[in-house]
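First up is the structure itself, then whatever we jot down about it.
Read-outs: derived from the displayed coordinates by stated rules, not from any lab. What you see is a predicted model, and the numbers here were worked out from it, not measured in a lab. Cβ atoms come from the backbone with ideal geometry, glycine included; neighbour counts cover every protein chain shown.
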Amino acid sequence: MNRWPRLRAALAYALLLAFTLLFVAPVLFMLVGSLKPDELVLAEAGTLRAFFPDTISLDNYRAVFERVPFGLYLASSLIINGLIVGLGLLVNAFAGYALARLRWWGREAMLALVLAVLVIPFEAIAIPLFYQLSWIGWRDDWLVQAIPFVANPLAIFLFYSFFLGLPRELEEAARVDGAGVLRTFFVIVVPNAKAAFASVAIVLFLFHWGMYLWPLLMTTSEAVRPLPLGIANFHTLPPLQWGDIMAFGVLMVLPVLILFVVFQRWFVRGVASTGIKG
Amino acid sequence: MLLAFTVATALTLAGCGPEVERGEGAPDADVHRLEIWAHAGREEERRTLEAQIDRFRAERSEVRIDLTWIPEGSYNGQVQAAALAGRLPDLLEFDGPYLYSYAWQGHLRPLDDLLPEEIHADLLPSILAQGRYRDHLYGLGTFDSGLGLWANRARLEAANARIPGGPDDAWDAEEFSDLLERLAQDDPDGQVLDLKLNYTGEWFSYAFAPLLQSAGGDLVDREPEGVASGTLDGPESVAAMTAVQSWIRQGRVDPNLDDAAFARGRVPLAWGGHWNYPGYRAALGEDLLLLPLPRMDETMVTGQGSWQWGVTRRARDPELAMDFLAFLLRPEEVLAMSEANGGVPATRAAVARSEAYGAEGPLHLFARQLEEGYARPRPRTPAYPVISDAFDRAFQDIRHGTDPAAALSAAARRIDRELRENHHYPEITGERGERGERGDTHKATRDQHQNRAVGQIGVDAKEAPVGGQPLGEGLPPFGRREGSPPTSDGHAG
Amino acid sequence: MRDEGIVRERIPRGAPVNRPMRSSQAPAAWLLMTPALAGLLLFLLLPFGLAVVLSFSNLRMGSPLPLEFVGLANYTLAFTDTGLTRALLNNLLFALVVVPVQTALGLALALLLNRPLAGRAVFRTLFFLPVVFPLSLVAVVWVLIFAPGPDGLLNAALGLLTFGGWEPRDFLNDPFWALPAVMLTSIWQGVGFQMVVLLAGLQAIPRQLYEAAAVDGASRWRQFLHVTLPGLRNPLIFVVIVTTILSFRVFDQVRIMTRGGPQDASNTVIHEMVRTAFDQGHVAMGAAMSVVFFLVILGIALVQRRLLRQRGEVS
């Protein structure tokens, strides 16, 4: 095989294309389905027309906006995730910095706490947290879907690791100049930690954009339901209007796709960094 | 800044899409408000309810109604969570058998004093039976369900089968098995009966408990502090399930994986309900027959029950809630919903006017069953969801060959454990109010079922044992009995 | 000097302005740490404690009965009379299948992309695409793909591949196929993640190692075994641990596609837990399942760390 580099390259391409087809097929299926009338989606699912439709129309998209408060769902998702990412970057970076760079008597204990809590998966506390918050009457709004996720041990750890790796000279210089901790943080550290912030922002976003379990437990009104719940509920209203459902799906994933395509490098780097550090 | 932009976009987008609330604009101190939760069913059902709300508001323009659609899949969870958080609406729809939990937990307000007498008199006995829990009426349905046997006339006639004329004329167990064999002879794969084995969950309890009851058994003993052991795994229930198992074992039952065994003509008989009518009618046309279920012993028993409405204790204006219910129970409104979802209209006036359910209608059998007491409500206990789940599992085991007695015993044990752990759902008095007020004095003088003529109201008042804690209400006992004329709300004395 | 006003607030009492960083920065540190700490305490530790406490009680949603202590009753019952044992088994099966398959696929794709091919960024994007899809959306689309009968996409595709030998099945309602169906959905969604991590790992392996091996006469296969795999050790371990843990957290697909599948055939621990606590209202039992779940995850993490000690670790 060493003697035919071109053959190897061609083989690699062939394999890649085959895999691509397998991976992209469901996505294409969804896209095409969103452009077909409802009956045809299921009826033609087994044929080539599942991928190459006869006619296309945007009727389903129109129906989505009429049948379902898509705008509301999208707004809820944006607000909830905006809160989680926005507040999360702040809160977790603060903690990571305090753990990495400051001298204080609680540092060891707090670090141990963060590492210990890292092991607790969300689902292990979903039910008691659901009960705890419902019992005090806090449910069915945006805040309850965002605040519990702001403090994130993994994010703290990522920031901590990153800040540990920053050269100390910058902070020392600031300190010599008389800057306090907060000033140092915002003026010196943050601008030099853009990669960390981007990675954590993306990780937090990816984890929580598709959140389904928590909203399922905690929301009732449509006004605060995020998109993942929207599509699941939409999906169970019989008779199933598959065309509309596929259109909803396309609309739902579009914002993330756009973000992804634009910030691709950061996405990949962010995800990979969890692997390298972890 | 990105965050600000996002939030701004979000709020703008929130404006897109259909209106979520169906009320007037600005809240007004004088405006009467009604918060309603309904289950998100089929498109026609939802449209009908929305139209009904609009028509109600046309008559009562000062009323503002906030409707929230709750997906069926997590309905009970939503209600319980909202109750815990103190966020229940004023008017709540729920699936029939959940009424007993909600009433016991104190979330519902009794309707006895709110319900106008003329509506009460017009409701089908099954609706009242389903809505009562321990001497009070907590729920009202605007439609009920029908359960029966769909049949292909041509195939039955070809097999020289006797066609039952009504619920009192049902095939008995022997006749039925015999018929299955005769039909099988003309059938290519020998499968002639569809039991909707592809359905999930509640279907099995709903559809097959009547067989147990017809044979003399039941899911659970309906006496207060009654348990499942001895009843669910008693000889009669076991006999009924053994019969079902034999039909399956002999290969007479189609697994119905495509949900179309009857519609596609593979089987001439199908266990089913009112919801099957449109599809079956389209498939079989004039050949479609609606027959009563077979009887295992003396009487045919069938199922009943569906979604119903209740007023919650936190309702600020219970009379307004009842006004809305009364509106929904008007004949033309009941008919509108019946036409949308195919259910049996809940009032006699509507039944009479219904094309499908009226005297000449193709689905009249369903109405008759509910009116004449052949339909038996599911066990009226907060433990019902556990009972249903336990029976569902037992049915699946039996269907796959497990010994019926063993499977039913296991189910009975599970049910009894639930009953025990909840101390048989004692009446909760104290700040829960009303229920303690009846007092035990006149109960002490009576310690037997008060039976009503089943053909009339069909509810009974269960008196508490002497000196004991008032406990679960019983149900119309097996078979039909003459009794004293009913009082307006089932109370004695 | 310009910042004296600000600085004075931050510096601990008695410390002169220009002293180098030797004194305690406790006030500032606590200021920074507190929000996160509050979050972790209120929304992670407190509910965890509550789970443990509740698991010994008989708490049911909305029950007006007084709360009782029931000892280990919930735990015994959880293992003998709920869907938990079957669910745990399913999760185990899930991990045993999905982890190797997804990792192997991810590695294969990463290897394919770890060469200077034109358009490899496009391929990388396309393979990572499913990861960006929320699981609930993936579940809904795959429900359609799994549609029963010869019209269903998967049934039709398999029919084509086997030249008509494939009997169309209702995957999601089939006791045998329900769990594999959920597995397939998860694999499709997750491979991109493995690929990205492993690709980064591959690119971190110094070229010289390969060149040295080639000079020594090692074949490509031997290079793979002795240079690539050891070099990928850390990312591989990471990916295996994460995927294993994720295999036990499966919920969204099960809830949407099969709701536990025909008679618990595709039930998973989290789904059983939610069904018990939320649908059936038996919160105490759900809490017990939460604790069991946590112990399982902890066990896995510990076992895997021990077995696959990452290179470069100190402890």
Seminar exercise, completed: Amide H proximity to B:Trp307 below 5 Å, modelled H, separation 5+ or other chain, gives B:Gly96
Exercise. With labels modelled as points extended 7 Å from the Cα through the Cβ direction, what inter-label distance (nm, one decimal) is found for B:Ala121 paired with A:Leu90?
Worked result: 6.7 nm
For this session: Only bridges with both residues in the range B:147-291 count here: give the DSSP antiparallel percent, nearest 5.
Result: 70 percent
Exercise. What nm value, rounded to one decimal, do you get for the distance between B:Glu355 and B:Asp168 when each label is placed 7 Å out toward the C-beta?
Worked result: 3.1 nm
For this session: Mind jotting down the three principal axis lengths of the range B:51-168 based on Cα atoms? Whole angstrom, largest first.
Result: 61, 34, 31
For this session: Restricting to the protein assembly as shown, compute how many DSSP beta bridges are antiparallel as a %, nearest 5.
Result: 55 percent
Exercise. How far is helix A:168-177 tilted, in degrees, relative to the longest principal axis of the Cα atoms in chain A, given as a value from 0 to 90 rounded to the nearest 10?
Worked result: 50 degrees
Seminar exercise, completed: For chain A, the dipole about the Cα centre with charges only on Cβ (Lys and Arg +1, Asp and Glu -1), to the nearest 20 debye, works out at 1140 debye
For this session: Could you tally the net charge around A:Arg225, taking each other residue with its Cβ under 12 Å from the Cβ of A:Arg225, Lys/Arg +1 and Asp/Glu -1?
Result: -3
Exercise. How big is the shadow of the Cα convex hull of the range A:68-236, averaged over all directions, in nm²?
Worked result: 11.4 nm²
Exercise. Rounded to a whole number, what is D in µm²/s for the range C:84-266 from Stokes-Einstein with the Kirkwood radius over alpha-carbon pairs (4 °C, 1.567 mPa s)?
Worked result: 71 µm²/s
Seminar exercise, completed: With label points set 7 Å from each Cα along the Cα-to-Cβ direction at A:Asn192 and C:Ala104, the distance between them in nm comes to 4.7 nm
Exercise. For A:Arg103, B:Arg380, what's the fewest-to-most ordering of other Cβ within 10 Å of each Cβ?
Worked result: A:Arg103, B:Arg380
Problem set entry | Reference-scaled alpha-carbon Rg (2.2 N^0.38 Å with N residues) for chain C | 1.33
For this session: Please give the peptides B:360-367, B:235-242, C:91-98 ranked by average Cβ packing (other Cβ atoms within 10 Å per residue), highest first, as a rough proxy for protection.
Result: B:235-242, B:360-367, C:91-98
Exercise. Hey, what number do you get for chain C at 222 nm if only DSSP H runs of n ≥ 4 count, each worth -39500 (n - 2.57), divided across all residues, to the nearest 500?
Worked result: -19500 deg cm²/dmol
For this session: Please identify which residues in the range B:239-265 have an amide N closer than 18 Å to a label point set 7 Å out from the Cα of B:Arg182, following the Cα→Cβ vector.
Result: B:252
Exercise. What's the extension gain from A:Trp135 to A:Ala10 if we count 0.36 nm per residue and subtract their Cα-Cα distance?
Worked result: 38.8 nm
For this session: Could you list B:Thr299, C:Thr228, C:Thr258 in order of exposure, starting from the residue whose Cβ has the fewest other Cβ atoms within 10 Å?
Result: B:Thr299, C:Thr228, C:Thr258
Problem set entry | Exposure proxy ranking, count of Cβ atoms within 10 Å, fewest first, for B:Glu59, B:Glu50, B:Glu421 | B:Glu59, B:Glu50, B:Glu421
Seminar exercise, completed: If every Lys and Arg gets +1 and every Asp and Glu gets -1 at its Cβ, then about the Cα centre the protein assembly as shown yields a dipole, in debye to the nearest 20, of 6980 debye
For this session: Using only alpha carbon pairs under 8 Å that are at least six residues apart, calculate the relative contact order of chain C and give it in whole percent.
Result: 26 percent
For this session: Determine how many Å³ per residue the convex hull of the Cα atoms of the protein assembly as shown encloses.
Result: 202 Å³
Exercise. What helices in chain C pass both tests, a Cα length along the helix axis of 27 Å or more and a mean Kyte hydropathy of 1.6 or higher, using whole DSSP H runs?
Worked result: C:84-113, C:283-307
Problem set entry | Burial ranking of peptide ranges A:201-211, B:211-221 (average Cβ count within 10 Å, highest at the top) | B:211-221, A:201-211
